[in-house]
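The values are calculated or read from the model by the stated rules, or taken from the named source; none is laboratory data. This one's a predicted model, so the numbers in the text were calculated from it and none came from an experiment. All Cβ positions, glycine included, derive from the backbone under ideal geometry; neighbour counts span all protein chains shown. These area figures cover heavy atoms from the full protein model, side chains too; ligands, DNA and RNA do not enter into them. Shrake-Rupley method; radii C 1.70, N 1.55, O 1.52, S 1.80 Å.
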Amino acid sequence: MSLAFSRRSFLKYSAVAAVAVAGASLFSGCEPQGDSYNLLQEGAGSMTILQVTATMGTYNETDKKYVAPEVTTSTTEITFPFKVENGRNNPIAINPNSFKVTVASKDGKTVKKYPVSLDGQLSDPNLKKGASASGTIKVSSLSGLEEEGTVLLTYCPDLQYNEYSLNWKLTVPAKKEESSGSTTTK
């Protein structure tokens, strides 16, 4: 076997390599960028995973956007307006086990998880394709909310695939410093 490499062979293999590299770049668009299993939304809004679209918040016609419930350091109960639309072929069950609320301190060292209760149509054990359900998700007995801490509402549309979730993050605002408002006169 000859180890000689002709100019013609070099050009032929270079062209094949170039086509392979170009073809491989076409597939990179199919690969999910980032963490597509756990979608995160800052504040209210709508997200879709596993062909299930969920919306948290109340739609404000004036601003043309969803508004999240207000959270402060004194908040002990939150009621999240929520809507689920099933785009899957198989029905999905909606139950309190599909949701959880997590409260974290500003530094993330203190984390507490809370169960929820569902009101309205959100207790549908058999939400069929194309159907939607609306209602509220309520969490009570909250404690430990601190300035710039977070409240995270997590929804897992299919508990069989619990690695897929939708997450809405609410940040507890810091208290605004009041200016003294006094003026000095000379």
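Every listed requirement among (1) within 20 Å of Gly120 (Cβ to Cβ); (2) at pLDDT below 65 is met by Thr79 save one, (2). Scanning segment 40-93 for residues that are of a type in the set (D, E, K, R) and in contact (Cβ under 8 Å) with a residue 24 or more places away in the chain, we see that the one that is nearest to Ala131 (Cα to Cα) is Glu85. The residues of segment 73-128 that are hydrophobic (A, V, I, L, M, F, W, C) and under 18 Å from Leu142 (Cα atoms), listed by number, are Ile78, Phe80, Phe99, Val101, Val103, Ala104, Val111, Val116, Leu118.
So the check is Cβ under 8 Å with 6+ separation or different chains; which pairs have a first residue in segment 110-131 that's farther than 12 Å from Ser98 by Cβ and a second one that's small (Gly, Ala, Ser) and open to solvent by 70 Å² or more (accessible area, probe 1.4 Å)? Listed by first residue and then by second, the contacts come to Tyr114/Ser141.
Screening segment 77-148 for strands (runs of 3 or more DSSP E) wholly inside it with 2 or more residues that are of a type in the set (Val, Ile, Thr) returns the ranges 78-86, 99-104, 132-139. Of the listed requirements (1) at pLDDT 95 or above; (2) outside any strand (DSSP E or B), Ser74 misses just one: (1).
Rundown of residues vs (1) at pLDDT below 70; (2) closer than 14 Å to Ser165 by Cα; (3) small (Gly, Ala, Ser); (4) open to solvent by less than 60 Å² (accessible area, probe 1.4 Å), yes/no style:
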residue	(1), (2), (3), (4)
Val21	yes, no, no, no
Leu26	yes, no, no, no
Gln51	no, yes, no, no
Tyr59	no, no, no, no
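All but one of (1) exposed (fewer than 13 other Cβ atoms within 10 Å of the Cβ); (2) touching a strand residue (DSSP E or B) at 6+ places or on another chain (Cβ under 9 Å) hold for Val84; state the number of the condition that does not hold. Of everything listed in (1) exposed (fewer than 13 other Cβ atoms within 10 Å of the Cβ); (2) touching a strand residue (DSSP E or B) at 6+ places or on another chain (Cβ under 9 Å), Val84 misses just condition (1). Across segment 61-81, the qualifying residues are those that are more than 13 Å from Leu153 (Cα to Cα) and in contact with a Gly (Cβ under 9 Å, 6 or more places away or on another chain), and the one among them that is most open to solvent (accessible area, probe 1.4 Å) is Lys65.
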